[in-house]
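Take a look at the structure set out below.
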């Protein structure tokens, strides 16, 4: 299946000489939820802005649904809905009016039934006649999503869509996202809430310092880079880890009362059996133990630090 978005050797250099993006190559498949993660200033918003035709590229090529974003800009842009980080909308227009106007900007005929459905899906129907200026920050962000969906795009970009939105509204938005995915809409999101990417995304891309450092299926990423930790709660605190246990790279914490052992989930042997035997031989007893799997956030932090 051809990619719905194809980015080839994309670079962006500003007049100051700052190179914001460096030879980006990325393909996004139709119907997937793709999470783009990266620290502030990594290039996430610049990349999205270029794909959406808001910012100019310096070199390379981008196609959306087979349409070149430069030579066939209108066709490419019509396929895209964008929810930017900033809340840009007419403060004194009604919710219904601003969403309907956005549809008209793309040359789409009036469709009140569609606008009604979008507003109801985003829990905005009871605010349809309210002026934007009277809405809370969370409601204004939902209006931005409604505007982005008004022309029935095949691709939806969500740039930090739940920033400043309370937990209940975040959950409601992600239900809308799931519905859109089920309808075949391709969704690209950036988020600071890495738990959202872990829950929602099919694939994850990590960008840092203007370069894509990893693109991977989320499940494969968790399996390849995820680690498990065994935490031992000791019966009696110890002052130091005995030299005989040095090969396990244990971490001593909580005033000497906890030992943590990290092991690779894809390894043939975890080493836990031998560790427990060596602990017994060293006279170290534990009262309890627990295991936990590293999260996507742990993996992300490790990748960014490594780059």
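Nothing in this text is a laboratory measurement; each read-out follows from the coordinates by a stated rule. Not measured: the values here are computed from a predicted model.
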- Message: Springs between alpha-carbon pairs under 10 angstrom, Gaussian network model over the chain: which of 29, 229, 85 fluctuates most?
- Response: 229
- Message: Compute a Gaussian network model of the chain, connecting alpha carbons closer than 10 Å, and tell me which residue from 254, 208, 292 fluctuates the most.
- Response: 254
- Query: Given the rule -39500 (n - 2.57) for each run of at least 4 DSSP H residues, summed and divided by the residues of the chain, what is its mean residue ellipticity at 222 nm, to the nearest 500 deg cm²/dmol?
  - Reply: -9500 deg cm²/dmol
- Message: From zero outward in steps of 20 Å, how is the percent of C-alpha pairs of the chain spread across the bins?
- Response: 29, 45, 22, 5
- Item | the chain: most fluctuating residue of 132, 207, 33 per GNM, C-alpha cutoff 10 Å | 132
- Message: Report, to one decimal in Å, the Kirkwood hydrodynamic radius for the stretch 1-144 based on all distinct Cα pairs.
- Response: 17.2 Å
- Item | Along each principal axis, Cα extent of the stretch 226-294, largest first, Å | 32, 21, 17
